1. Quick check: convex hull of the Cα atoms in the range B:245-358, volume per residue, rounded to a whole Å³?
2. Between residue B:355 and residue B:149, what is the FRET efficiency for a Förster distance of 30 Å, r being their Cβ-Cβ separation, to the nearest 0.05?
3. Can you list, largest first and rounded to whole Å, the semi-axes you get for chain B by taking the square root of 5 times each eigenvalue of its Cα gyration tensor?
4. So the label point sits 7 Å from Cα along the Cα-to-Cβ vector; using that for residue A:333, what distances do you get to the other copies, in nanometres, sorted shortest first?
5. Based on a Kirkwood Rh over C-alpha pairs, give the Stokes-Einstein translational diffusion coefficient of the range B:88-206 at 4 °C and viscosity 1.567 mPa s in µm²/s.
6. How big is the gap, in Å, between the Cα center of the range B:52-94 and the Cα center of the range B:213-242?
7. If I stretch the segment between residue B:302 and residue B:363 completely, what's the gain in nm (0.36 nm per residue apart, minus their alpha carbon distance), one decimal?
8. Measuring nothing but label to label, 7 Å from Cα along Cα→Cβ, what are residue A:452's distances to the other copies in nm, shortest first?
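Please treat every number below as a calculation from the coordinates, not as lab data. In this text, all values refer to a predicted model and were calculated from it rather than measured experimentally. Glycine also receives a Cβ, built like all others from the backbone with ideal geometry; neighbour counts cover every protein chain displayed.
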């Protein structure tokens, strides 16, 4: 071999390596994946087949979990509006006003007559992905402010079909029996004066609750089909299985689990429609689908609320049942199939989405999320080592590794929420005791001290903003939302 | 066409039809499937990934459930020996002496010094299948009488490797702290004087608990490989995750769920070895594998006991957590994949096995099982419409359809079991309320009356035999079992 030929060979090799590297970069940077987030409402940890539901059958979600990743330590916020804001912004609710006046009787979510909303200067997943050329569609429940200036169209979404708030709000019949009112248990659409909106316009009022899951699904499939040639972000936020329970005719009596089971099984069908649409359009291998719930089951509604399975308590509490949600990540060929026990949070989705899309996140504010994509690909451990449990603007518990310390606890949302301060804190080993049955504080004073320090350190970094949930517009029963 | 040719054609057709029919019969009767029953010990309803365990990962059992049928209403008896007898004979424990003297302090299972055992005249699945030419092997825990005349070799098994009773029996250290004794929580093999037997001989004593799952698995794989050319029945009855918890070195720290999780994850590995052996020998498509547990989790052992997930209470009770077990049926190409909510019972396995094998069941005794094969094939509904819940020889509850009436309840086994009589009975809708939280007796007097009548009618058909659990041999600590 001559020296010349060695040089030429070397050059050829270098060119080949360079070409392969550029190809790789283009493949990675040039084709960001579609991202679909499906967010159920008040679905409990134990309400899907693959999460142990005894009576409810969810074959499509079970298959999605078998093909994808089932996350068993995925966390959200304990109640609706804060959880949605955290999901979209990656920021703890205490940082962006998603709470009421401390100690008062202020609402814990945005009411139907809210004067405020998620501040427009908050940066959402839709805005992050839009910066990378994504089409951004939202279908379903917003619940981050009902006035036009706070609706999805002002937060990065190109289109929206859905409800501005929960479908149990703006009730037109007397609430004379509290949570156990007949209206909730034998619901009729006319008991609630709830608008269905397309973009900034009301298109139906009152909306027939029974049609919601079906119409949301049809809209989601239309959006996927229309945007199949470009990267898109779809946020499908179901109104169900939140009370009042409703389902389309095809799902009446579908489940062994009663009306609640019917509603969940229709969401299972809906998820199957989304998966089918991705397959049909041939984009399933470049689409990440995330399925989770906004908070735990609303237990005071008994058989009309869901189940937190093996976990303690439900919605509105910082016990595990309030905040640990069933979660499934699906992306054929990229997400490594299996069950993972790594900690994840709804806060992490914006950071993960930005990493997958190659998008830049704002640097002028604190983000509380981390990038989960290494876990999704099976290439590394979960980066989340701590979790802060808030109720309203109050830090009530902290998890670090497998240990969780409760400083303050309360019971179920909607039942008066008596508040108990724990000194010393309660301590649970969530890995061995996910049901929070055995307080091990006495056996581990060092861990109690460490978690207490961590909580204090965190508190120092948080400057609560102004509470936004108690800014209300006075409405008479006859008034309509504008 | 002449008359002759018509006759000849007719005859040929008749012969062809006859031949096809005979072929069909031969195919059906001539190639009975292998049957493998894997029986975990004290594994709770919520302890497998696919049944909602948050910390324990069971990828092989999850895959088995995804490929096969996951039964969410499968029942066993509330404690060990009665459950094993019911599984093997298809008869309620009250019919064959599997209980102690009523009202006394008699044992609730066979002790290590039991003088009696499952009566040899009882007819087991092994005997049923042996009559059809099956090789019959048992691996694991027997617990139906420790004297030679009551061991597996006298109940239709060709071979056996395993323990005659529970590995927490014949303790050699003082039980001075009751259930919370250090011996259970930091177990060492020498704390128990437990024999490992092959057929009728003790081959190791004391056995090292840590090796049990591994050795059982190796023996099971050997049995499958050796018998791959003929139909076989394998009964693999694990000793774990019953306390004292133990696992082989490879599984120490394997699970996020502590020692209990390690033990379950080793059983998951073991199940994978069985499935792999069936695939490797090419007989997976003619083998039914059933995985279930003998009873609910032993909750007083705290993190060393399992979890009943969303169900109430555990082992030793007739609440759902005591008797509803995780159950998976797997037979590629025959069992229709999916989750089924039909009721099934360990009592049904002998009847189902006989139907699949074309074997005859004894007609001189009451069998309490039904044939589940239509559900397995997806060709029909579950034939079981009622379930009777016994503790010892006492009928405590009944389920008919989705409703369950409790006439008598008690708390966890091992904690004194205070007994409460309910007049009127408690009534739960298990489909909508699997956690037995909402007593609906007052709303459904008709259903209460019907279930009470059903219970009375059942009681009239049952003549309890003599209790066998309190016949004991006096042993000194130095004595060895013969």
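1. Values: hull volume 15.6 nm³, N = 114.
Here the figure is 137 Å³ per residue.
2. 0.45
3. Details: eigenvalues 273, 162, 100 Å².
Rounded to whole Å, the semi-axes are 37, 28, 22.
4. Copy-to-copy label distances for residue A:333: 3.1 nm.
5. Details: Rh = 15.8 Å.
Diffusion coefficient, whole number: 82 µm²/s.
6. 17 Å
7. Details: separation 61, 0.36 × 61 = 21.96 nm, distance 4.43 nm.
Full extension from residue B:302 to residue B:363 adds 17.5 nm.
8. Label-point separations across copies, in nm and ascending: 5.6.
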